[in-house]
Structure formats: C-alpha cells, structure tokens
Amino acid sequence: MSKSVVIVGASMGGLRAAEALRNNGFAGRITMIGEEAHLPYNRPPLSKEVLAKEVTHEAVAFKLRSQVEDVTWHLGDPATSLDLDKKVVTTASGKSFEYDGLVIASGLRPRVLDLPNGKISGRHTVRTLDDAIGLRAELVPGTKVVVAGAGFIGCEVAATARGLGCEVTNVAIDPYPMIRPLGEQLAAELQRRHESHGVNFKLNHGISDLIGTEKISGVVLDSGEVIQADVLVEAISSHCNVEWLSETKLDISNGVLADSALRAVTTDGASVEGVYVVGDLARFANPLFDNEPRRIEHWNIPTETGKRVGSVLSAYLADAENFAELVATPFMPLPSFWSDQYDMKIQGFGMPGLADRYELVAGELSDELVMGYFRGEILIGVVGIGMTSEVMKYRKELIS
C-alpha cells in the first residue's frame with residue numbers, strides 16, 4: 001500500500017521538503033496543509049522590493065516544479081491538533097489527515113504590542129502576503145509611519161517607506177538598530193545611514209499606548225512623548241505556531257526541538273520516528289558552531305532543512321539500508337541572510353550573534369565593508385555591505 005506524507009505548513013520549508021521527498025524517490029501521496037489560501041510564496045521581498053512596488057501573489061510566488069505537480073493542496077484551513085499515537089492531523093474545519101510521515105513546517109507569526117488602546121485601525125505587521133498588501137495601500141507620500149522594532153524587517157520597512165515618500169520614525173528598545181546580529185559599531189553606522197535618508201530614531205524606548213478612536217493618530221512612548229502617526233508597523237519579534245502540538249509530548253518550549261536528522265524530539269529527549277521539523281520552527285544543534293540547539297530564522301534555513309528532511313524521511317519510509325547512515329551524518333548548514341536597504345546590499349553568513357568580538361576586515365566603515373565576527377580566534381560570522389567577492393572569501397573560512 002502506498003504511503004502518505006502530510007506537511008503542515010505550505011510555505012518555503014514545506015515546499016522544499018516536498019520537492020526533496022520526490023527527488024529522493026518517495027512516490028507516495030503528499031498533502032500540504034496551509035493556513036493561508038495562497039500557494040507557497042517568497043516572504044523576504046515583502047518588506048523590501050515588492051513592498052516598494054505593487055504587492056501581488058504573482059510577484060512573490062514560487063514556481064511549482066514538476067516534482068510537486070501531484071501534491072494535494074489543502075489551503076486556508078490550519079492544523080489545530082496532532083495525535084502522535086494515531087498518526088492523525090486535524091484541521092480547523094474538522095478534517096483529519098492520516099500520515100506515515102509528518103513534516104512540521106507551520107512557521108511563525110508576528111508578535112504584536114499589547115496596548116490599552118490597541119483595537120484601532122492602522123496597525124500592520126509584515127509576515128504574510130495579505131499583510132504586505134494591506135500595508136502597501138497606506139504607504140503614500142506624506143504618510144506618517146512609526147515602525148516598532150529595529151531589526152532587519154523593521155529597518156527594511158523604514159527604508160522602503162522613506163523611498164515611497166513617507167515620514168518615518170523607528171522606535172526600538174535597543175540602543176542601536178540591528179545591534180544583536182551586527183554589533184554596536186556596524187549597527188551605529190547603519191543608523192547613521194538611515195538618518196541620512198531622513199529616518200528618525202527613538203531608541204531605548206518602547207510604545208506604551210496608541211492615540212486615536214477608530215484609526216491611529218499617534219503613539220505614546222514609555223517616556224510620555226507623543227509621536228504623530230497614521231500607520232504603525234509592528235516588527236518586534238515572532239511567536240512560533242506550535243499550539244496545534246500542545247497535546248503531544250513534543251518539546252515545543254522554543255519552536256520544536258529536533259535531533260541532527262531533524263526528527264522531532266519529546267520532552268524526555270526521545271526522537272519520534274517519522275515526524276520531522278523544517279524551517280524557522282526547527283531548534284537543532286549545528287556542529288559548525290557548538291552543540292546548543294537553536295532556531296535560526298535566516299532565509300536559507302527552510303531550504304536546507306527541507307532538503308535534509310526529504311532525504312532522511314524518504315529513506316525512513318522506504319526502509320532503506322542507508323537510513324541509519326543518513327541519520328548519523330552531521331547536519332551543518334551555514335546560515336545566510338541578506339537585506340536590501342536603500343542602495344545597500346547587506347549579506348551575511350554564519351552566526352554573528354554568537355561572537356564575542358568583531359573587527360573590520362575589509363573596506364571602510366562609511367563605505368562598502370566587510371565585518372568579521374569571532375569567538376575567540378575562530379571566525380564564526382561575516383557581514384558585508386557590497387564587496388561581494390571579499391564576503392565570499394571569508395565565507396569559505398567559515399566552512400573550511
């Protein structure tokens with residue numbers, strides 16, 4: 001009898017897992033369950049070049065390769081529970097899906113501020129296509145935009161909004177924008193560049209409330225200062241979509257804990273055969289750096305984890321002789337990320353946030369540059385603005 005795989009999460013990670021299952025010989029049924037009504041699309045451009053233009057599904061949709069033309073798509077109906085013993089996923093509509101193999105790819109959702117006067121319009125996040133469509137409609141010249149959060153998404157939205165002629169204030173509890181992955185020196189330089197484009201920063205501050213009746217007209221900082229605002233974009237952090245796993249014994253304390261084969265792990269440390277995790281949810285140890293399990297929210301991780309799961313899960317379902325060998329093979333993806341802000345092309349590799357020191361290794365701080373991030377004497381990350389060939393040279397050191 002043909003075997004069946006259910007993939008919960010119809011975004012990049014789930015799509016790449018489906019492709020990898022087919023590429024590794026799995027010929028059984030694949031069902032993709034998605035919360036959104038859209039077929040898989042690329043999320044990173046939603047805060048960058050696509051937001052600056054017209055936001056459509058066609059602009060960001062992944063081309064569906066021939067490997068997945070027979071996938072069954074069950075969209076607009078999120079998973080709400082999992083029975084590990086019966087191997088059944090149930091969705092919000094009450095439909096049940098039995099599986100032989102399960103891929104958990106349900107991803108993240110934005111965290112929003114809990115504010116006394118929070119139930120008014122004009123609040124936006126940028127995670128989904130529909131989010132970006134709603135925000136783009138409000139980004140017209142002269143609009144006063146407050147961006148809460150100064151990570152990459154917050155700064156990308158700020159840069160895009162400035163390019164569209166909006167007045168932008170960025171509010172963040174951090175002392176510098178993007179400081180956690182980049183360190184103080186580069187973060188301060190990027191703040192200077194944003195300010196040169198007209199972004200106003202209110203750092204070391206949070207938002208305590210909103211002003212307005214039906215629609216936002218301002219934000220109140222924790223200092224009491226009031227900033228006029230027509231739009232509030234909240235880019236402060238994310239929640240893991242793991243509530244549907246709450247009745248299982250899986251370790252969902254921070255995403256879903258996984259072993260090196262990306263099999264889901266229970267709270268007592270046991271790997272669950274046939275149940276795998278991909279994308280932003282996967283918390284796994286990467287021997288390139290250390291043995292501490294971490295979630296990595298970089299753009300290449302859904303692809304890398306999807307490929308890994310497709311390889312191992314297909315072998316498991318086929319009772320392949322090389323299954324044990326595949327499981328034992330270390331999984332060591334090199335995280336990578338990129339960001340477009342104004343004319344800056346920022347590209348990074350490794351785990352700069354784990355560094356205990358950093359230094360400028362090429363270029364000039366006020367121009368194109370390469371920053372190296374070290375733990376002791378070991379290079380564990382590199383970030384460049386421009387200077388692509390130099391960045392790639394240091395990338396090779398990370399995987400040598």
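For ALA159, the shell of other residues with beta-carbons less than 15 Å away shows a net charge of 0, using +1 for Lys and Arg and -1 for Asp and Glu.
Each Lys and Arg contributes +1 and each Asp and Glu -1, all at the Cβ; summed about the Cα centre of region 156-249, the dipole is approximately 260 debye.
Straightening the chain between MET332 and LYS249 buys 27.2 nm, computed as 0.36 nm per residue apart minus the Cα-Cα spacing.
For the chain, relative contact order (Cα pairs under 8 Å, six or more residues apart, normalised by length) works out to 16 percent.
Using alpha-carbon positions, what is the distance between the centroids of region 338-400 and region 58-101, in Å? Using only Cα atoms to place each centre, the spacing works out to 38 Å. A crude spin-label estimate for the pair MET392 and LYS86, with each label 7 Å from Cα along the Cβ direction, gives 5.3 nm.
Pairs spanning more than 29 Å between alpha-carbon atoms, out of LYS53/LYS396; LYS63/LYS307; LYS86/LYS119; LYS3/LYS396; LYS249/LYS396; LYS144/LYS345: LYS53/LYS396; LYS86/LYS119; LYS3/LYS396; LYS249/LYS396. Rounded to the nearest Hz, the phi-derived 3J(HN,Hα) couplings of region 214-228 under the Karplus curve 6.51 cos²θ - 1.76 cosθ + 1.60 (θ = phi - 60°) are 8, 10, 4, 10, x, 10, 10, 7, 5, 7, x, 5, 10, 10, 5, where x marks glycine and proline. Projected onto the charge dipole of the chain (+1 at Lys/Arg Cβ, -1 at Asp/Glu Cβ, origin at the Cα centre), which of GLY218, VAL327, MET178 gives the Cα projection farthest towards the positive end? Checking the options against the dipole of the chain, the answer is VAL327. For region 343-399, a crude dipole built from +1 on the beta carbon of Lys and Arg and -1 on the beta carbon of Asp and Glu, taken about the Cα centre, is about 280 debye to the nearest 20. Once both labels are positioned 7 Å from their Cα atoms along Cα-to-Cβ, the gap between ALA320 and THR267 label points is 3.4 nm. Rounded to the nearest 20 debye, the dipole magnitude of region 281-371 is 340 debye, with +1 charges on Lys and Arg beta carbons, -1 on Asp and Glu beta carbons, and the Cα centre as origin.
Distance between the 7 Å Cα→Cβ label points at GLU98 and ARG111: 4.1 nm.
Could you list the trypsin sites (Lys or Arg not before Pro) in region 1-87 that lie in coil according to DSSP, counting only those with at most 11 other Cβ atoms within 10 Å of their Cβ?
Qualifying residues, ordered by number: LYS63, LYS86.
Qualifying GluC sites (Glu not before Pro) in region 311-375, where qualification requires a DSSP coil assignment and no more than 13 other C-beta atoms within 10 Å, comprise GLU321, GLU364.
Please label the shape of region 265-367 as rounded, prolate or oblate, based on the square roots a ≥ b ≥ c of the eigenvalues of the alpha-carbon gyration tensor (a/c under 1.5 means rounded; beyond that, a/b larger than b/c means prolate, else oblate). Could the numbers behind the result be given before it?
Values: a/c = 2.75, a/b = 2.22, b/c = 1.24.
In terms of gyration-tensor shape, prolate.
Against the main long axis of the alpha-carbon atoms of the chain, helix 152-163 sits at an angle near 50°.
Values in this text are rule-based calculations from the coordinates and carry no lab data. All figures in this text were calculated on a predicted structure; none of them were measured in a lab. A quick note on method: Cβ atoms are made from the backbone with ideal geometry, for glycine too, and the neighbour counts reach across all protein chains shown.
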